[in-house]
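Worksheet: the structure to be examined is printed underneath.
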Amino acid sequence: MNVIEAENLSKIFRVRQKEKGLKGSVQAILRPRIQEIQAVNDISFSVEAGETLAFIGPNGAGKSTTIKMLTGILYPDGGRARVLGIDPVKQRRRLAYEIGTVFGQKEQLWTHLTPYDNFRFFGAIYDIPDPETERRIRKLADTFELGPFLNTPVRSLSLGQRIRCEIVASLIHEPKVLFLDEPTIGLDPVVKEHIRSLIRQMNRELGTTVFLTSHDVGDIEKLCRRIIIVNSGRIVLDDSMEHLKYHYLNRKIVEVKLQEEAQLPAPEGVTFLKRKGSHVKFQVDTQKLRINDALHLIDAENLEDINISNIPLESIITEIYKAEGREEKAV
């Protein structure tokens, strides 16, 4: 069952252009120049119940605009959207009872209140009976390990603690879909991993559909089973994370430390990335040369240490961005 359906969604922003000089200022008032920016350009996709989806792209790609249309904050100029069968344009209030949102750079909690008081407040907003609100607070506080600071004012919490509370506040009404926008931004690696673990647990135990936007490749790789990449307002890739890695990870990075400096051959499929004394780093395209054959280029008796790794997912995504940019310029 699809819980999100976007069909030919489009959005154009009309921006007034500034003119230089006095004459330009007068003209701007009388006859302002308007530039049209196609933020979202005829995109279509669907998301199944319980799915964890990464919706990513470079800055200005149309990610936030798409989310705002799905949540009813913005109206599309073309196409239609349905979230849980609800039209975000016509039934935004009804939709608000069924979805949750977490924005890493925007607070929804009252900072002078404790997390507990905030959760009670959100329970009242969503018309949840007091006993049920208490039950949900206890369950979520236990899941997200909020006990030690549940009654501490939010302004006194660390960023990681606040993000955990932001997520709980968005879950208090048990939404079927959770929109996460940069949920781990600014967090240290240990806290990031803890937040990711909690989101995975939430998805597994509650069956919540997760719609994630993030520039953090760790979030994408560790949370999501499917990835949609957008650029210039269009979808350029929609694939499973597993297939993405299989399709693009046909290159290996080989780093070797030799006992003595030596010149290695460079057959087709091998690209040298670094040569500095006895340290050599090269890339192997396994579609052109088997990794076993590439290793035979190295004299085993001269080998002191070796490391073989995959191309980082971050590099793959960057290449997809750049490839799309080149196609745009060629049109």
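Here are some notes:
- Where a residue in the stretch 80-99 is within 18 Å of Gly50 (Cβ to Cβ) and its partner, wherever it lies, is charged (D, E, K, R) and part of a strand (DSSP E or B), with Cβ under 9 Å and at least six apart: Arg82/Glu5; Arg82/Glu7; Val83/Glu5; Gly85/Glu5
- Complete set of residues in the stretch 51-68 that are outside any loop (DSSP other than H, G, I, E, B) and charged (D, E, K, R): Lys63, Lys68
- Selection count where residues are open to solvent by 40 Å² or more (accessible area, probe 1.4 Å) and either under 22 Å from Gly50 (Cβ atoms) or among the hydrophobic types (A, V, I, L, M, F, W, C) (or both), scope the stretch 208-238: 6
- Flag if Asn59 is under 17 Å from the mean Cα position of the chain (by Cα), at pLDDT below 95, surrounded by fewer than 19 Cβ atoms within 10 Å (Cβ to Cβ) and under 18 Å from Val230 (Cα atoms): yes
- Residue that is farthest from Ile125 (Cα to Cα) [pool: residues in the stretch 172-207 that are aliphatic (A, V, I, L, M) and open to solvent by 10 Å² or more (accessible area, probe 1.4 Å)]: Val190
- Screening Asn292 with (1) in a helix (DSSP H, G or I); (2) open to solvent by 90 Å² or more (accessible area, probe 1.4 Å); (3) modelled with pLDDT of 85 or more gives one miss only, at (2).
- For the stretch 101-116, the set of residues classified as assigned to a helix (DSSP H, G or I) and either closer than 27 Å to Ile73 by Cα or at pLDDT below 95 (or both) consists of Pro115 only.
- Any hit, the stretch 4-23, residues being open to solvent by less than 40 Å² (accessible area, probe 1.4 Å) and at pLDDT below 90: no
- Residues in the stretch 246-257 that are in contact with an Asp or Glu (Cβ under 9 Å, 6 or more places away or on another chain) and either among the acidic types (Asp, Glu) or open to solvent by 50 Å² or more (accessible area, probe 1.4 Å) (or both) were compared, and the one that is farthest from Ile56 (Cα to Cα) is Lys257.
- Failed item in (1) under 23 Å from Met202 (Cα atoms); (2) at pLDDT below 95; (3) open to solvent by less than 30 Å² (accessible area, probe 1.4 Å), with Thr133 passing the rest: (2)
- Close pairs from the stretch 124-147: first under 20 Å from Gly160 (Cα atoms), partner surrounded by fewer than 18 Cβ atoms within 10 Å (Cβ to Cβ) and hydroxyl-bearing (Ser, Thr, Tyr), Cβ under 9 Å, at least 6 apart: Ile137/Tyr116; Ala141/Tyr116; Leu146/Tyr116
- Taking (1) under 27 Å from the mean Cα position of the chain (by Cα); (2) open to solvent by 40 Å² or more (accessible area, probe 1.4 Å) in turn, Arg162 satisfies each apart from (2).
The values are calculated or read from the model by the stated rules, or taken from the named source; none is laboratory data. From a predicted model like this one, the values you see are computed outputs, not experimental measurements. A quick note on method: Cβ atoms are made from the backbone with ideal geometry, for glycine too, and the neighbour counts reach across all protein chains shown. These accessible areas exclude ligands, DNA and RNA; they are computed on the full protein's heavy atoms, side chains included. Shrake-Rupley method; radii C 1.70, N 1.55, O 1.52, S 1.80 Å.
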